[in-house]
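Heads up: the structure comes next, in structure tokens.
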Amino acid sequence: MATPHNEAQKGDFAKTVLMPGDPLRAKFVADNFLEDVKCVNTVRNCLGFTGKYKGVPVSVMASGMGMPSIGIYSYELFQFYDVDNIIRIGSAGSYTDKLNVLDVVISESAFSESTFAKFTNGVEEKTLYPSKKINDIAIAKAKELGIDAKLAKVHSSDQFYTAPEMGGWKAVKERCGCDCVEMESFALFNNANMLGKNATCMLTISDSFVTSEEIPAEERQKSFTEMMKLALETAIA
Ligand code: ADE
């Protein structure tokens, strides 16, 4: 069994999948944290791996960027590969001086102007929530590991670039009331809700609209190890 986007066979994925946006970040997790690793997907270079973390099977697969992309991959993992839990591990831009570059965030909600949920399954809500079960585990694990993970309201945006006449990030922040911005969680939470599965999202702040600080792309891949550890410990809890 394969899909147009995934060459893995049924049974190739573990029950819990970590999902970074970037395929090289998926490879980084597999190379540095998993044992007995098998590469299960290379279609479109959206790399997927299954291995063991502390003896427990865990998978990691890239989602690509944006809601249409994570919408496809997460749907297929839940629906066709019997995956029960997806933990997104991504990056975000901060809208507040309370979240600084390299801070780790656990999503408490995802707001979006996107019509993804409306036209996928008729959901009109603009704010969707992660699964309480995994979020509670993640919060407890962060405490246990001494990771200062901050709960945040996440904005899942369809735009990375906007024209100046749109009013800039302050106008967006005002409109959505969120603490940070990424581009995927809303669609992931919708698919999990629709299919009776679990999802959450952890983010590392990669750039700040407040201070204009950012970490370069090459460093992003490696500098997120705290979040990766938190996600893996949550996955096997
Ligand atoms: N992911 C990381 N930084 C981001 C930003 N500034 N906007 C949207 N997604 C992001």
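The values are calculated or read from the model by the stated rules, or taken from the named source; none is laboratory data. Please read these numbers as outputs of a predicted model, since none were measured by experiment. Don't worry about glycine lacking a Cβ; one is built from the backbone with ideal geometry, like all the others, and counts go over all protein chains shown. Each accessible area value is taken on the protein alone, full model and side chains, heavy atoms only, with ligands, DNA and RNA left out. Shrake-Rupley method; radii C 1.70, N 1.55, O 1.52, S 1.80 Å.
Some notes on this structure:
- Close pairs from region 209-230: first more than 11 Å from the ligand (Cβ to nearest atom), partner open to solvent by 60 Å² or more (accessible area, probe 1.4 Å) and outside any helix (DSSP H, G or I), Cβ under 8 Å, at least 6 apart: Val210/Asp97; Thr211/Asp97; Thr211/Asn100; Glu213/Asn100; Ser223/Leu102
- Selected residue (criterion: most open to solvent (accessible area, probe 1.4 Å)) from residues of region 184-237 that are basic (Lys, Arg) and farther than 14 Å from Ile134 by Cα: Lys222
- Within region 178-234, tally of residues that are closer than 19 Å to Val17 by Cα, of a type in the set (A, V, I, L, M, F, W, C) and within 14 Å of the chain's Cα centre (by Cα): 16
- Within region 7-31, residues that are within 17 Å of Tyr81 (Cβ to Cβ) have Cβ atoms under 6 Å from residues that are among the charged types (D, E, K, R) and part of a strand (DSSP E or B) in these pairs: Met19/Arg88, counting only partners at least 6 apart in sequence or on another chain.
- Criterion: within 11 Å of the ligand (Cβ to nearest atom), on the phi < 0 side of the Ramachandran plot and not in a helix (DSSP H, G or I) - qualifying residue of Asp158, Asp148: Asp158
- Boolean, Glu113 is in a loop (DSSP other than H, G, I, E, B) and on the phi < 0 side of the Ramachandran plot: yes
- In region 189-208, the residues that are in contact (Cβ under 8 Å) with a residue 40 or more places away in the chain reach residues that are of a type in the set (Phe, Trp, Tyr) and surrounded by fewer than 19 Cβ atoms within 10 Å (Cβ to Cβ) with C-beta atoms within less than 9 angstrom, at least six apart or across chains, in these pairs: Phe189/Tyr129; Asn193/Tyr129.
- Enumeration of residues in region 93-109 that are within 12 Å of the ligand (Cβ to nearest atom) and not aromatic (Phe, Trp, Tyr): Gly93, Ser94, Leu99, Val101, Val105
- Residue list for region 1-41, restricted to those being open to solvent by 50 Å² or more (accessible area, probe 1.4 Å) and under 15 Å from the mean Cα position of the chain (by Cα): Asp22, Leu24
- Residues in region 161-173 that are exposed (fewer than 14 other Cβ atoms within 10 Å of the Cβ) and either over 21 Å from the mean Cα position of the chain (by Cα) or more than 10 Å from the ligand (Cβ to nearest atom) (or both): Thr162, Ala163, Pro164, Glu165, Met166, Gly167, Gly168, Lys170, Ala171.
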